[in-house]
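Visitor: This is the structure I have questions about; it appears just below.
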Amino acid sequence: SCYPEGGNELEHYGNVTSQAECRELCQQEQNCTFFTYYDENHPTALQSSCFTFSDCEMKNKDCRGCFSGPPTCSSCPTPSANGGVWYCQKDDEDEESKENQKCFY
């Protein structure tokens, strides 16, 4: 998941039902370059929450029940480390996955 740091958090939405809905919220924000969605497997305080970010320099690599990525994407590499589900994360070029496939950061 993306860490809020240095004013990079744009918005926080509650009662979001899916990572797709969170990504759509990011697409609607002019400065959004990443989103993180927390599902029902995450601690209660963040369940069904969506955060939008202007950048994602710091990443939590030990996140469960979280989905992160940019507002739009076509393909993504699949890094070996886990940290929630990532879409189109381009930090690690080990493998290329098919369009719209989930990528693990």
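Visitor: Look through region 49-60, keep the residues that are of a type outside the set (Gly, Ala, Ser), touching a Ser or Thr at 6+ places or on another chain (Cβ under 9 Å) and in a loop (DSSP other than H, G, I, E, B), and return whichever of them is modelled with the lowest pLDDT. Can you show your working first?
Guide: So in region 49-60, the residues of a type outside the set (Gly, Ala, Ser) come out as 50-53, 55-60.
With the extra rule that they be touching a Ser or Thr at 6+ places or on another chain (Cβ under 9 Å), the set shrinks to 50-53, 55-56, 59-60.
Imposing the further condition that a residue be in a loop (DSSP other than H, G, I, E, B) reduces the set to 55-56, 60.
Numbers: ASP55: 91, CYS56: 87, ASN60: 82.
Residue satisfying both the conditions and the ranking: ASN60.
Visitor: Quick one: is ASN31 of a type outside the set (A, V, I, L, M, F, W, C), in contact with a Gly (Cβ under 8 Å, 6 or more places away or on another chain) and without any contact (Cβ under 8 Å) to a residue 60 or more places away in the chain?
Guide: no
Visitor: Of the residues that make up region 14-21, is at least one in a loop (DSSP other than H, G, I, E, B), under 14 Å from PRO71 (Cα atoms) and not hydroxyl-bearing (Ser, Thr, Tyr)?
Guide: no
The values are calculated or read from the model by the stated rules, or taken from the named source; none is laboratory data. These numbers come from a predicted model, not from an experiment. All Cβ positions, glycine included, derive from the backbone under ideal geometry; neighbour counts span all protein chains shown.
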